[in-house]
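Any read-out appearing in this document is the output of simple, stated calculations on the displayed coordinates, not a laboratory observation. Treat the numbers as computed from the prediction; the structure is a model and nothing was measured. Neighbour counts are summed over all protein chains in view; Cβ atoms, including those assigned to glycine, are modelled from backbone coordinates with ideal geometry.
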Amino acid sequence: MTPTTPTTSAELAVDAATLRRLYRVMARIRHFEIGAARLMAGGRLPGTLHVSIGQEAVAAGVCDVLRRDDHITTTHRGHGHCIAKGGEPKAMVAELLGRETGYCGGRSGSMHIADPSAGILGANAIVGAGIPIALGGAFAAARRARGGVSVAFFGEGAVAQGVFHESLNLAALWRLPIVFVCENNLYAELTPVSVHLAAGRVADHAAPYGIPGVRVDGNDVIAVRSAAGEAVGRAREGGGPSLLECMTYRWHGHFEGDPQQYREAAEVARWKDADPLKRLAAAVAGDPEAAAGLEAIEAEARQEFAAAVAAAEAEPPAPVASVSSHVYRRPVRGGAFG
Ligand SMILES: Cc1ncc(C[n+]2csc(CCOP(=O)(O)OP(=O)(O)O)c2C)c(N)n1
């Protein structure tokens, strides 16, 4: 992995405002995840937590080329995608902390966050299960014919699931406006990719379905944005689906508390050197307009998370009696259950 050589935003063919916007989104994700991990370590956050520290460039780069009414689905490691797509950290934190103002009334926690108003069709605890939901979003977008696009985010652990292949097949047959974005972070739980995927490259799964498949450096936000821009543009114009494989790495364990006996500290350290935020900061160092105030952006991001925690912790926990709300459907007279 070679960090991008410092250059100017003109050479990067991306304007200073875009570079700063990308940095801000990555910083907001980074500080949300660091903060959430600390809350869990301190016993203030119930449930299980999977953070995406180190993978921020994928969420930021892809969502930067999406419209608010485009759809995404995400996974158990989905906070970054939700933030990048326009989800509200305040409602996300309230959900993580089991408060009624959370996205799901505090009943679901980290792995079910959804915000249809921002096009977020949901995180999903079942590996691969978000992919066909995004496919449905793409089908709906095609029917509406307003140029909408759907993006399915998933880890490489989902690629051996049948539904990944079924979805690529249908998307290709019907030329649906969808981009399949695989975040290949080299591990599925404790298992390295070399042991669980027969095809060395996820992107190679595109060819049998006759769709474009591209592998990019997923820690280079500009490269991700550029590849995603091409795939999303093609989908919007009726050119059909694409598969994008973003090579990246999670700095933390699979879940918070994971003893991580399956990987070497030196490997983690190598990937920390390829930190997507530091790489973008280095890339814009020669451009005073783009580089100004990156520390202030970081401070704002930390403050955003702290304010969300303070607001959530000032509220009472969601009432236990609400636990079954929205689970059972009230019988309809004369209907199937009436
Ligand atoms: C269908 C299914 N099988 C197994 C699991 C248990 N499980 C949870 S996360 C995970 C690994 C996912 O790896 P990957 O898709 O690469 O995502 P990452 O955790 O690396 O972001 C597994 C096997 C599950 N949640 N769903």
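Please list, ordered by residue number, the helices (runs of 4 or more DSSP H) wholly in segment 72-158 having 1 or more residues that are within 13 Å of the ligand (Cβ to nearest atom) and touching a helix residue (DSSP H, G or I) at 6+ places or on another chain (Cβ under 8 Å).
Working: elements: 79-84, 89-96, 130-144.
Hits in segment 72-158: 79-84, 130-144.
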Candidate set from segment 233-272 (those that are part of a loop (DSSP other than H, G, I, E, B) and hydrophobic (A, V, I, L, M, F, W, C)); member that is surrounded by the fewest Cβ atoms within 10 Å (Cβ to Cβ): Phe255
Which of (1) closer than 26 Å to Ala145 by Cα; (2) within 16 Å of the ligand (Cβ to nearest atom) does Val65 not meet, given it meets every other one? (2)
Contact list please: Cβ distance under 8 Å, first residue in segment 66-83 and without any contact (Cβ under 8 Å) to a residue 40 or more places away in the chain, second residue away from the ligand (no atom under 14 Å from the Cβ) and of a type in the set (Val, Ile, Thr), pairs at least six apart or on different chains. none
Looking at Glu183, Glu166, Glu189, which one is within 16 Å of the ligand (Cβ to nearest atom), of a type in the set (Asp, Glu) and free of Cβ contacts under 8 Å to residues at least 60 places away in the same chain? Glu166
